[in-house]
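Here's the structure we're looking at; comments come further down.
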Amino acid sequence: MATDDQIILARTHLASARNVTVLTGAGISADSGVPTFRGADGLWRTYRAEDLATPEAFARDPRLVWEWYNWRRELITTKSPNPAHDTLVELEQRWTDRMWLITQNVDGLHRTAGSQRLSEIHGNIWKVRCTGCGVISENREIPLPILPTCRLCHALLRPHIVWFGESLWEEDLRRCDEALRACDLFLVIGTSGVVYPAAGFASVAKEVGALVIEINLESTPQSNLVDLSLRGRAKDLVPLLL
Ligand code: APR
């Protein structure tokens with residue numbers, strides 16, 4: 001567990017930081033009751049995220065992939081932001097245009113909490129995209145039809161999510177790069193650090209001379225690289241930083 005000294009040090013670094021960039025992963029939402037991907041509760045039926053969140057899986061069996069997303073949407077809709085999400089909103093309010101949040105989470109809980117300066121680099125589970133005409137729309141229907149179709153062109157809809165094997169959106173990559181190169185403090189919360197490009201962001205921040213602080217229940221492949229690694233739950237530790 002993080003010691004008092006570590007927490008005081010992290011607070012001091014944050015208090016003196018000019019530009020802060022934050023990266024979050026499933027661990028921050030775990031404290032709201034959303035299962036992580038690689039934890040013990042990460043499986044749906046017998047499938048891992050890597051089995052279903054791919055263009056190939058969707059081409060092979062769109063019904064199965066939509067069933068999984070329907071299940072996740074039903075689960076997420078019952079969850080609310082926790083104190084870690086709320087603290088990041090406060091951070092944004094205090095640091096204003098000197099703070100940027102990058103999240104890998106598609107659950108939308110940062111937006112629900114009130115974060116506005118953020119890149120949802122893996123997309124958002126409450127958005128759908130037409131496989132025919134490409135139109136993106138917000139969709140909060142629960143449950144969705146097993147095979148939802150576009151109102152405009154009637155082609156199959158897909159979740160507006162970046163799947164394994166797909167590239168991040170150009171605009172998000174540009175914004176993240178800008179935020180990483182501008183920051184003097186990079187805070188990494190609740191991510192296993194195995195999925196790229198986000199897994200490489202701590203190295204980029206280090207290259208530009210930023211101080212990197214990690215908050216996670218466990219050690220990660222990034223733990224040796226960071227300046228300060230705080231062990232514990234996001235909902236307990238993140239609020240202590242302000
Ligand atoms: N507080 C802090 N950290 C936590 C907590 C918690 N309460 N609970 C779990 N963690 C940590 C775990 O120790 C783990 O390191 O959160 C991390 C969750 O890791 P993953 O499940 O791999 O989630 P994430 O890193 O966000 O996954 C990245 O992979 O499946 C894809 O696209 C999906 O965005 C996702 C990406």
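Distances between placed amide hydrogens fall under 5 Å for Ile102 paired with Val22, Leu23, Thr24, Ser119, all partners being 5 or more residues away or on another chain. Full extension of the chain between Cys153 and Glu90 gives 18.5 nm of extra length, using 0.36 nm per residue less the Cα-Cα distance.
Here the 3J(HN,Hα) profile of the range 191-196, calculated from phi with Karplus coefficients 6.51, -1.76 and 1.60 at θ = phi - 60°, is 10, 6, x, 10, 9, 8 Hz, Gly and Pro shown as x.
Local charge for Val162 was computed over the other residues whose Cβ lies under 14 Å away, with Lys and Arg +1 and Asp and Glu -1, and equals -3. Amide H contacts under 5 Å for His160: Asn124, Lys127, Val128, Arg129, restricted to partners 5 or more places along the chain or on a different chain, H placed in the peptide plane at 1.01 Å from N.
For the pair Thr54 and Arg174, what calculated FRET efficiency results from E = 1/(1 + (r/R0)^6), where r is the Cβ-Cβ distance and R0 = 30 Å, to the nearest 0.05?
Using R0 = 30 Å, I get an efficiency of 0.75.
Largest first and in whole Å, the equivalent-ellipsoid semi-axes of the range 124-235 read 36, 17, 11, each the square root of five times a Cα gyration tensor eigenvalue. Extent of the range 1-136 along its three principal axes (Cα atoms, max minus min coordinate, largest first): 51, 36, 25 Å.
Using the Cα centre as the reference, give the magnitude of the dipole from point charges on the C-beta atoms of the chain (Lys, Arg: +1; Asp, Glu: -1; all else neutral), rounded to the nearest 20 debye. Walk me through the intermediate numbers first.
Values: 26 positive and 30 negative charges, 96 e Å.
Charge dipole, the chain, about its Cα centre: 460 debye, nearest 20.
Averaging 1/r over each pair of different alpha-carbon atoms in the chain and inverting the result gives 18.5 Å, the Kirkwood hydrodynamic radius.
Look at the dipole of the range 64-218 built from charges on Cβ: of Val212, Leu156, Val128, the Cα furthest out on the positive end belongs to Leu156. In sequence order, the range 124-134 has phi-based couplings of 8, 5, 8, 10, 10, 9, 7, 6, x, 9, x Hz under the Karplus curve 6.51 cos²θ - 1.76 cosθ + 1.60, θ = phi - 60°, and Gly or Pro positions carry x.
Cα-based values for the range 85-173, radius of gyration first and Dmax second, are 15.1, 45 Å. Close amide H contacts of Glu214 (hydrogens built in the peptide plane, cut-off under 5 Å, sequence separation of 5 or more or a different chain): Val188, Leu228, Ser229, Leu230. Quick one: of the DSSP bridges fully inside the chain, what percent are antiparallel, nearest 5? So the antiparallel bridges in the chain amount to around 30 percent. Sorted fewest first by neighbouring Cβ atoms within 10 angstrom, Val135, Val195, Val238, Val34 come out as Val135, Val195, Val34, Val238.
None of the figures in this text is laboratory data; all of them are computed from the coordinates on show. On a predicted model such as this, the values are computed, not experimentally measured, just so you know. Cβ coordinates were reconstructed from backbone atoms using ideal geometry, including for glycine residues, and neighbour counts include every protein chain displayed.
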